[in-house]
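I have placed the structure first, in the form of structure tokens, so that the comments after it can refer back to it.
Nothing in this text is a laboratory measurement; each read-out follows from the coordinates by a stated rule. Because the structure is predicted, anything quoted here is derived from the model rather than measured. Counting neighbours? That spans all protein chains shown, and the Cβs are built from the backbone with ideal geometry, glycine included.
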Amino acid sequence: MLRVAIQKSGRLTEESLELMHECGIDFAKSGGKLKALAYNFPVEFLFLRDDDIPEYVADGVADVGIVGENVIAEEHSALQQPVEIIERLGFSRCRLSLAVPRGTPYSSVHDLQGKRIATSFPNILRRFLATHNICAEIHEISGSVEIAPSIGLAEAICDIVSSGSTLLSNGLQEVETVFHSEAVLIARPLSADKQKIVDDLRFRIQSVGRAKHNKYIILNAPSESLPAIIQLLPGIKSPTITPLATSGWNAVHSVVPEDTFWEIIGKLKEAGAKGILVVPIEKMIL
Ligand code: ATP
Ligand code: MG
């Protein structure tokens with residue numbers, strides 16, 4: 001039995017639960033319950049505050065956990081036992097940025113020399129300042145960091161940003177990116193039987209992730225266009241080609257990466273492809 005820590009209620013919760021669902025792991029999460037047992041996979045979920053997850057994993061209360069990379073980067077050095085990132089999960093992307101009140105002259109990170117900076121991430125900030133040889137006073141506060149400059153607590157802040165709208169509404173301008181974060185799966189060193197469950201979980205997570213980054217494509221093409229079309233569609237191994245009832249025509253099936261998708265579609269049309277269908281892939285196992 002593997003114990004998996006998930007944020008109880010917050011920005012990571014919904015997508016963490018969705019990922020488990022996509023991995024085919026079913027359980028009943030009812031209201032305020034702190035634990036849930038999966039029906040069809042040997043895991044038990046623990047629902048915790050995200051800041052506590054690295055420590056619970058390090059201490060062995062949980063075996064693995066899903067947290068923001070920013071949380072593990074912040075707490076890593078304080079943990080008594082080693083905890084490692086074993087999988088990047090691609091959701092809850094955000095960045096930790098430095099911001100100053102709008103209108104403050106700012107040309108480089110050296111302008112922060114000797115300033116007071118409010119943050120909930122003192123360790124990440126300290127490392128960033130040390131890399132740039134900046135001496136600044138770090139004020140650790142646990143929430144509402146963005147109001148610190150307006151109440152005279154600090155001249156700058158270092159906080160989580162995704163769209164930047166919170167900064168804007170508090171009269172702040174983003175001046176440096178300190179850290180890029182996404183949700184990650186963390187683990188402590190595990191016994192062989194638990195490691196086997198983690199390997200299976202990672203295999204499922206990777207199959208789900210790969211499927212999200214690819215599309216299944218079906219198109220019709222005249223035989224003379226096939227060489228050019230095959231060149232454009234590498235597929236997993238190579239495209240599947242089957243003849244249509246109309247002679248001289250074929251159906252071509254393949255897999256296309258999401259990031260080059262529109263570019264490939266344009267080239268396929270130029271090469272003579274007709275009736276192109278694009279279908280989402282649920283799981284992709286290599
Ligand atoms: P808890 O009550 O569990 O301590 P919290 O308030 O500390 O929750 P959340 O705001 O739910 O934490 O954020 C959890 C994680 O989600 C953060 O550590 C970060 O990695 C990510 N995150 C935070 N803000 C954003 C955002 N605006 N967009 C995307 N991801 C974000
Ligand atoms: Mg928290």
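Per-structure values
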item: Whether the chain is rounded, prolate or oblate, judged on the alpha carbon gyration tensor where a/c under 1.5 counts as rounded; result: oblate
item: Of all DSSP beta bridges in the chain, antiparallel share, percent nearest 5; result: 75
item: Backbone HN-Hα couplings from phi across segment 95-102 [Karplus 6.51/-1.76/1.60, Hz, Gly and Pro as x]; result: 9, 9, 10, 8, 9, 10, x, 4
item: Relative contact order (percent, whole number), the chain, Cα cutoff 8 Å, 6+ residue spacing; result: 18
item: Förster radius 22 Å - calculated FRET efficiency between His253 and Lys274, Cβ distance, rounded to 0.05; result: 0.90
item: Distance from segment 10-52 to segment 150-184 (C-alpha centre basis), Å; result: 30
item: Distance histogram for segment 214-280 (every C-alpha pair counted, 10 angstrom bins, percent rounded to whole numbers); result: 23, 61, 15, 1
item: Amide proton proximity set for Leu2, modelled H, under 5 Å, gap of 5+; result: Val43, Glu44
